[in-house]
1. Can you go through Thr133, Thr172, Thr149 and tell me which one is over 20 Å from Phe288 (Cβ atoms), under 15 Å from the mean Cα position of the chain (by Cα) and not aromatic (Phe, Trp, Tyr)?
2. Among the residues of the range 251-285 satisfying the criterion of being touching a helix residue (DSSP H, G or I) at 6+ places or on another chain (Cβ under 9 Å) and under 12 Å from Cys203 (Cα atoms), which is surrounded by the fewest Cβ atoms within 10 Å (Cβ to Cβ)?
3. Go through the residues of the range 94-103 one by one and say whether even a single one is surrounded by fewer than 17 Cβ atoms within 10 Å (Cβ to Cβ), away from ligand 3 (no atom under 16 Å from the Cβ) and within 18 Å of Asp253 (Cα to Cα).
4. Please determine whether any residue of the range 232-244 is of a type in the set (S, T, N, Q), over 13 Å from Val326 (Cβ atoms) and crowded, with 18+ Cβ neighbours inside 10 Å.
5. Of the residues Glu87, Glu94, only one is in contact (Cβ under 8 Å) with a residue 60 or more places away in the chain and within 14 Å of ligand 2 (Cβ to nearest atom); which?
6. Say we look at the range 231-254 and pick out the residues that are part of a strand (DSSP E or B) and more than 13 Å from Ile265 (Cα to Cα); which of these is farthest from ligand 2 (Cβ to nearest atom)?
7. Within 14 Å of Val45 (Cβ to Cβ), within 14 Å of the chain's Cα centre (by Cα) and not β-branched (Val, Ile, Thr), is that true of Gly164?
8. What are the residue pairs meeting all of these: first residue in the range 108-137, first residue on the phi > 0 side of the Ramachandran plot, second residue within 11 Å of ligand 3 (Cβ to nearest atom), Cβ atoms under 9 Å, and 6 or more apart or on different chains?
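The numbers here are math on the coordinates, done by the rules we state, and not lab data. Bear in mind that the values here come from a model prediction, so they are computed numbers and not experimental data. Cβ sites come from the backbone with ideal geometry, for glycine too, and all protein chains shown count toward neighbours.
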Amino acid sequence: MSQSKLITMDEFTIQETRKFPQATGDLSAILRDIGLAGKIINKQVRKAGLVDILGKHGATNVQGEEQMKLDIFANETLINILKNCTECAGIASEENDNHLSYEDTFSANSKYVVLFDPLDGSSNIDVNAPIGTIFAIYRRVSELGKPCTEADFLQPGNKLMAAGYVIYGSSTMMVYATRLGVNGFTLEPSIGEFCLSHPNMKCPENGKIYSLNQGNSVKFDDGMLNYLTYCMESNKEEGRPYSQRYIGSMVADMHRTLIKGGIFIYPADKSSPKGKLRLQYECNPMAFLIEAAGGKAVCGTSNILDIIPTELHQRTPIFIGSKNMVNKVMEFVKVKEVVG
Ligand code: AHG
Ligand code: MN
Ligand code: MN
């Protein structure tokens with residue numbers, strides 16, 4: 001790509017906003033600030049392998065600064081940047097027990113709140129595998145002019161204005177969705193900008209990859225076990241057996257699912273009847289994004305985006321990815337419900 005053909009994420013977002021004369025540009029400002037946080041987190045992530053040289057987490061470095069764990073660093077970076085963003089009234093993070101309302105006059109008048117998983121897949125840091133940041137943006141429902149409230153953060157995913165992720169992989173990308181669609185931007189390190197590299201992303205309707213922690217299958221119910229048998233069965237016409245791929249970073253597994261098609265599953269099991277992943281920080285943003293790309297996301301029998309959250313950190317089972325593969329797994333889940 002020649003430099004003259006580069007479209008930066010800011011340029012792209014502003015052009016998109018212009019399609020709506022009534023748009024104020026507030027949402028683009030938040031996306032830009034999340035992108036900025038992503039660049040700062042990326043800089044730190046790229047040094048992760050050097051901790052033994054630069055100082056262990058929890059130790060003090062030569063400048064007398066405490067070395068922070070990466071997920072805490074990512075959390076604080078997002079909190080501080082969004083605090084300075086005049087369009088964000090408050091945040092909720094996987095790392096904090098409660099939501100945080102920014103207590104200043106500008107923020108009280110801001111229309112949006114942001115939820116995030118600051119560093120997803122953190123167990124992969126030590127082995128240099130991809131990790132990411134997941135975010136979700138809602139228009140607040142509480143009264144403008146006052147601090148935002150928990151109700152702003154407990155909206156269903158079908159009320160999202162935008163959502164996406166930054167993936168710190170072999171390159172760093174920011175992918176975000178609005179109701180207009182999904183676009184991916186790759187960080188061009190020499191100019192420090194996310195540039196449009198994956199316009200109008202679509203999740204293929206069919207795929208050949210299933211992605212889950214199959215080591216948990218001793219705890220799965222019959223519906224899930226039957227589905228696994230289906231994935232492993234031979235059927236040339238339908239392209240089975242499917243391949244199994246699981247990185248253990250939802251961002252990385254979902255990025256592959258979005259591009260290549262497939263299904264990502266984190267089901268309920270006997271020891272986690274509500275599943276593991278968080279509705280508000282992981283499942284809703286990914287469900288919004290995959291639906292905007294033509295895919296589908298369910299918790300079993302209903303859409304993830306229709307779940308009305310009752311608490312900030314609630315969990316949900318999730319089946320997400322290529323539309324036809326999600327429809328298929330639902331047949332297995334339904335069989336179980338009829339029988340059980
Ligand atoms: P986090 O690092 O934010 O705690 O999230 C980890 C999540 C998710 O990224 C991944 O899909 C899943 O946990 C992996 O769980 P298992 O190790 O149980 O398979
Ligand atoms: Mn996570
Ligand atoms: Mn996390």
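1. Numbers: Thr133 fails: over 20 Å from Phe288 (Cβ atoms); Thr149 fails: under 15 Å from the mean Cα position of the chain (by Cα).
Exactly one of Thr133, Thr172, Thr149 is over 20 Å from Phe288 (Cβ atoms), under 15 Å from the mean Cα position of the chain (by Cα) and not aromatic (Phe, Trp, Tyr), namely Thr172.
2. Here the residue is Gly261.
3. No; the residues of the range 94-103 include none that is surrounded by fewer than 17 Cβ atoms within 10 Å (Cβ to Cβ), away from ligand 3 (no atom under 16 Å from the Cβ) and within 18 Å of Asp253 (Cα to Cα).
4. Within the range 232-244, the subset of a type in the set (S, T, N, Q) is 234-235, 243-244.
So of that shortlist, the ones also over 13 Å from Val326 (Cβ atoms) come out as 234-235, 243-244.
Checking which are crowded, with 18+ Cβ neighbours inside 10 Å leaves us with none.
Within the range 232-244, none of the residues are of a type in the set (S, T, N, Q), over 13 Å from Val326 (Cβ atoms) and crowded, with 18+ Cβ neighbours inside 10 Å.
5. Numbers: Glu87 fails: within 14 Å of ligand 2 (Cβ to nearest atom).
Every option except Glu94 fails the conditions.
6. Checked the range 231-254; the qualifying residue farthest from ligand 2 (Cβ to nearest atom) is Asn235.
7. Against the criterion (within 14 Å of Val45 (Cβ to Cβ), within 14 Å of the chain's Cα centre (by Cα) and not β-branched (Val, Ile, Thr)), Gly164 does not qualify.
8. From residues that are on the phi > 0 side of the Ramachandran plot, the pairs are Gly121/Ile131; Gly121/Gly132; Gly121/Ser249; Gly121/Met250; Gly121/Val251.
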